[in-house]
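> Can you keep this structure in mind? I'll have questions shortly.
The values are calculated or read from the model by the stated rules, or taken from the named source; none is laboratory data. Note that the structure is a prediction, hence the values are computed from the model and not measured. A quick note on method: Cβ atoms are made from the backbone with ideal geometry, for glycine too, and the neighbour counts reach across all protein chains shown.
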Amino acid sequence: MVAITTYETFSFSGKSENCYGLEVVKKTLRDQGFNILPFNINSKNPVLVSLYWPEQIYPFIRWRFLSHMKDRIIIVGGNYATSSPGAIIPFCDGVYLGDGELWDGDIKNKFIITTKTIKPIERAVVSQLSPYLFEDLQVTRRAFIEISRGCKNKCLFCQYGWLKSYRETDEADIEQIIKRCKTKTVRVFAADRFQHRRYEKIRTIMGHYGKNDSGSDVSIKFLLRNPSFLNFTKKIRVGIEGLSERLRYLVGKQYSNDDILNFCDMVSSAGIKSLDVYMIYGLPTETDEDVECFRGLIRSLDSIMPKDYTIAIHWNAFTPSAQTPFQWQAPASGEFKELSNFLHHEKINERIKIYHKPKMTSYWTLIRRMLAIRGDIQTAKLIYNFAFKESQFKKAPIFILNEYKKITGHDLMGDWPKDKPMPWDKYCIYRKDIMSRLAERNIKKYSCHERKEA
């Protein structure tokens, strides 16, 4: 095979043609002497593709099988590729696992798996982060600076704390990037910005150079520890996730109702006029009693928050992510009548304004996600047909479920047997035993409503 000296790149990242992770790979390859070009459908150069979300596999497949794409080498990376590589391998020439900074451009690199891979491998983990100045035009032009990777928290449903070890970018390197930014708006991003040991100093540096931070994601845990962070925080998005204190403890977010009330009071007292809250419903062991606990929390917020204060609650159905302690669990299922009644018909708040957006996740959306997450070489034909004939399958979703079970022997929308390998076990080395023990311990410990709501 002729040595590859030129790559083209393509991303399925919303409004942008690029994404930060892919930009880091491009810089790494350029530093090694490779030519990196924008994707050109009429050329024959190999293409690097980034897939972050599971459902991006469907437009990827349709793109991959365009007539002009025949015989082109495709290498796929990104968060989804690293966590569920078996679903993607049938449709490309290689899947890169982990941090792109360690790739040397060789398609036979030790971090790349193919359909011929016979044993699982460790994913690439770069020991020290080097910030990269990346400017992107989505709605407005802004710069992105990664200040940490991974997460110190180990929420049982979340890949951030399990798929990537926690590392921080040095503040001196961050300052050099901020100095070079041409845009006034800069997004210093991380799974949780407040976890960085020098976050306050980073914000001081941004102020010194006249930069505005467009980031808004925060955590209750680290804000309660560092209330001074509110002095330079203008917008708040926070994940509460569990309906009740019991569920929050079960998933690893050990927030009491009092913690949440104190957090919200601090936010409103700091002059921040609205709050975005992320919630997950359909978590393992969830019952109608947990919905009632959430009603109680809303009533408490209604009594302490300023009149007409706005809270937007963003709901999402639980989906078991690959390579997390909850990967064996079934996705949210059932009618959720009590929650649906609360979201659509009840108004228990009298003083504050609450908006639910969106509300319930459709069962069809969950099927799309689960097929992408739990796909592998066995189900390649099913995924391919789904990508091209989704509208037909949507009329009879039972066909997808029956075919998946016929092929794999497992229920796509059910619990995965602990004694059976996950679709990614063939390719990925990860902390499976630890995850299994942790999930079993928490489910056993918090399944009974022994904890009293604050």
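> Only residues that are of a type in the set (A, V, I, L, M) and within 19 Å of LYS235 (Cβ to Cβ): list them for the stretch 190-208, please.
ALA190, ALA191, ILE202, MET206
> Please indicate, with yes or no, whether at least one residue in the stretch 345-361 is of a type in the set (A, V, I, L, M), within 30 Å of MET435 (Cβ to Cβ), in contact with a strand residue (DSSP E or B) (Cβ under 8 Å, 6 or more places away or on another chain) and at pLDDT 95 or above.
The answer is no; no qualifying residue exists.
> Among the numbered criteria (1) in a loop (DSSP other than H, G, I, E, B); (2) touching a Ser or Thr at 6+ places or on another chain (Cβ under 8 Å); (3) farther than 23 Å from PHE60 by Cα, which one does GLY375 miss?
(3)
> Pick from the stretch 37-49 the residues that are modelled with pLDDT of 95 or more and assigned to a strand (DSSP E or B): which of them is farthest from the chain's Cα centre (by Cα)?
Filtering first and then ranking leaves LEU37.
> Let me ask something else about it. Need at least 3 residues that are surrounded by fewer than 22 Cβ atoms within 10 Å (Cβ to Cβ) and touching a residue at least 24 places away in the same chain (Cβ under 8 Å) per element, so show me which helices (runs of 4 or more DSSP H) inside the stretch 224-324 make the cut, counting only ones lying wholly within it.
257-269, 288-304
> With the condition kept exactly as written, say whether any residue in the stretch 266-273 is out of contact with any His (no Cβ under 7 Å at 6 or more places or on another chain), farther than 17 Å from LEU230 by Cβ and either among the hydrophobic types (A, V, I, L, M, F, W, C) or not assigned by TED's automatic domain parsing to the domain that holds HIS344 (or both).
No; the residues of the stretch 266-273 include none that is out of contact with any His (no Cβ under 7 Å at 6 or more places or on another chain), farther than 17 Å from LEU230 by Cβ and either among the hydrophobic types (A, V, I, L, M, F, W, C) or not assigned by TED's automatic domain parsing to the domain that holds HIS344 (or both).
> Just to be sure, is LYS381 free of Cβ contacts under 8 Å to residues at least 24 places away in the same chain, part of a helix (DSSP H, G or I) and within 20 Å of PRO85 (Cα to Cα)?
So LYS381 fits the description; yes.
> Additional query: Of everything in the stretch 167-189, what is surrounded by 16 or more Cβ atoms within 10 Å (Cβ to Cβ), at pLDDT below 90 and part of a loop (DSSP other than H, G, I, E, B)? Give them in sequence order.
Once the filter is applied, which keeps residues that are surrounded by 16 or more Cβ atoms within 10 Å (Cβ to Cβ), at pLDDT below 90 and part of a loop (DSSP other than H, G, I, E, B), the stretch 167-189 yields CYS181, THR183.
> List the pairs whose first member sits in the stretch 44-59 and is of a type in the set (Lys, Arg), whose second member is surrounded by fewer than 24 Cβ atoms within 10 Å (Cβ to Cβ), and whose Cβ atoms are under 6 Å apart, counting only residues at least 6 apart or on separate chains?
So the pair list comes out empty.
> Look at LYS389 and say whether it is surrounded by 14 or more Cβ atoms within 10 Å (Cβ to Cβ) and free of Cβ contacts under 8 Å to residues at least 12 places away in the same chain. If you could, list the steps in order and put the result at the bottom.
On the way: surrounded by 14 or more Cβ atoms within 10 Å (Cβ to Cβ): no; free of Cβ contacts under 8 Å to residues at least 12 places away in the same chain: yes.
No.
> So, one more: Mind counting the residues in the stretch 61-87 that are on the phi < 0 side of the Ramachandran plot and over 18 Å from the mean Cα position of the chain (by Cα)? Working first, answer last.
Within the stretch 61-87, the first condition is being on the phi < 0 side of the Ramachandran plot, and the residues that meet it are 61-70, 72-77, 79-87.
This time we only want the ones that are over 18 Å from the mean Cα position of the chain (by Cα), so: 61-70, 72-75, 86.
The number of residues fulfilling the criteria is 15.
> If you take the residues in the stretch 190-223 that are farther than 23 Å from PHE263 by Cβ and not charged (D, E, K, R), which one is surrounded by the most Cβ atoms within 10 Å (Cβ to Cβ)?
MET206
> Filter the stretch 141-163 down to residues that are in contact with an Asp or Glu (Cβ under 8 Å, 6 or more places away or on another chain) and in a loop (DSSP other than H, G, I, E, B), then give me how many there are.
6
> State all residues of the stretch 152-186 that are over 28 Å from PHE318 (Cα atoms) and either basic (Lys, Arg) or assigned by TED's automatic domain parsing to the domain that holds PHE222 (or both); if no residue qualifies, say none.
If the condition is that a residue be over 28 Å from PHE318 (Cα atoms) and either basic (Lys, Arg) or assigned by TED's automatic domain parsing to the domain that holds PHE222 (or both), then LYS179, ARG180, LYS182, LYS184 are the ones that fit.
> Could you say which residue among LYS253, LYS221 is at pLDDT below 95, farther than 27 Å from SER333 by Cβ and of a type in the set (D, E, K, R)?
LYS221
> Let me ask something additional. Restricting to the stretch 60-79, count the residues that are β-branched (Val, Ile, Thr), closer than 13 Å to THR9 by Cα and in contact with a helix residue (DSSP H, G or I) (Cβ under 9 Å, 6 or more places away or on another chain).
Looking only at that region, the number is 2.
> Against the condition at pLDDT below 95, over 20 Å from SER165 (Cα atoms), outside any loop (DSSP other than H, G, I, E, B) and of a type in the set (Phe, Trp, Tyr), how does PHE10 come out, does it pass?
yes
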